[in-house]
1. Using the basic label-point model (7 angstrom from Cα toward the beta carbon), what is the Asn59 to Thr74 distance in nanometres?
2. Using the Karplus curve 6.51 cos²θ - 1.76 cosθ + 1.60 with θ = phi - 60°, work out ³J(HN,Hα) for each residue of the range 6-11 in order, rounded to whole Hz, and write x for Gly and Pro.
3. Select from the range 117-174 those GluC sites (Glu not before Pro) which occupy a DSSP coil region and have at most 16 other Cβ atoms within 10 Å, ordered by residue number.
4. Over the chain, with every protein chain in place, what whole percent of the accessible area is carbon and sulfur at 1.4 Å, could you tell me?
5. If you line up the long axis of helix 75-84 against the longest principal axis of the chain, both from Cα atoms, how many degrees apart are they, to the nearest 10?
6. Find the accessible area per residue for the range 96-232; the probe is 1.4 Å, ligands and nucleic acids are left out, and the unit is Å².
7. Can you give the Rg to Rh ratio for the range 44-179, taking only C-alpha atoms and Rh from Kirkwood?
8. Roughly speaking, what % of Cα-Cα pairs in the chain are separated by over 33 Å, rounded to a whole number?
Amino acid sequence: KKFGSGHFHRAMSILHYLPEFEITVVGLRLNENFQNECVKSNYNCHFVDDENELVRLCNSINPGIVMLDILDTTQRLITDLRKCSTSKIVSFEDNGAGSILTDLTINELYPSITGSDKILCGPAYSFLREEFEKPDLNLARDIDILISFGGTDPNDLTIKVLNWLVQEGMTELSVFIVLGLGAMRQKKEINHILSTENITNYSVVSDVSEMANLMCRSKTAITASGRTVYEL
């Protein structure tokens, strides 16, 4: 919940392309909403509270590949994983000291700070969900502004943007607001702004199954500088 849902969704998307593997999903410090999403995926799931538990679990499974999507890793974690198995280790969005010890690190959002050929950087290595492979670009552009700040929006940017639209007198525009699972705390405040400022042409959703189509329908999108930019 603290780091955003992009990591979770990327990991779950990648697994669809690995049907020949026996897959175990390990949730590290996942909150209840994301744990429920794991369980619904029907993969074999485990939930751990710290990296020591993660290492012990990997030791018991001895997987062929360990994929880490937990942001920055430490050298200790990667070294401990090496000790417990002969797994290949792949890390995503990792600028930590452990990234130079992995077999492969994919940093689609970050430039390389080492020049290592084991660290792949930039949008060419972005992994998008299947729905973005063939978006319907012929959909009518009936949404003036799409607001989406990812799974958690820790700085409440959705509320700030909505207040800005009101201050600038843009209340006649059609607005579509997407709230992530970790940003539901904002819903009460958002509904208060929408009702008191007489914004009538709006939608607020939290569980979007066709984000690509929403983006195709939008004339303008306001978002953070994460993976959503590549999707747009």
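1. Using points 7 Å along Cα→Cβ, the separation is 1.6 nm.
2. x, 5, 4, 5, 5, 4
3. For GluC sites (Glu not before Pro) across the range 117-174 that sit outside H, G, I, E and B with at most 16 neighbouring Cβ atoms in 10 Å, the list reads Glu133, Glu168, Glu172.
4. That share works out to 50 percent.
5. So the helix axis and the longest Cα principal axis differ by about 50 degrees.
6. Details: 7500 Å² over 137 residues.
Heavy-atom SASA per residue in the range 96-232 reads 55 Å².
7. Here Rg/Rh amounts to 1.11.
8. Working: 6817 of 26796 pairs.
Cα-Cα pairs of the chain separated by over 33 Å account for 25 percent.
The values are calculated or read from the model by the stated rules, or taken from the named source; none is laboratory data. Computed from a predicted structure; not experimentally measured. Quick reminder, even Gly has a Cβ in these numbers, built from the backbone with ideal geometry, and neighbours come from all protein chains shown. Quick note on the areas: whole protein, heavy atoms, side chains included, nothing else; ligands and nucleic acids left out. Shrake-Rupley method; radii C 1.70, N 1.55, O 1.52, S 1.80 Å.
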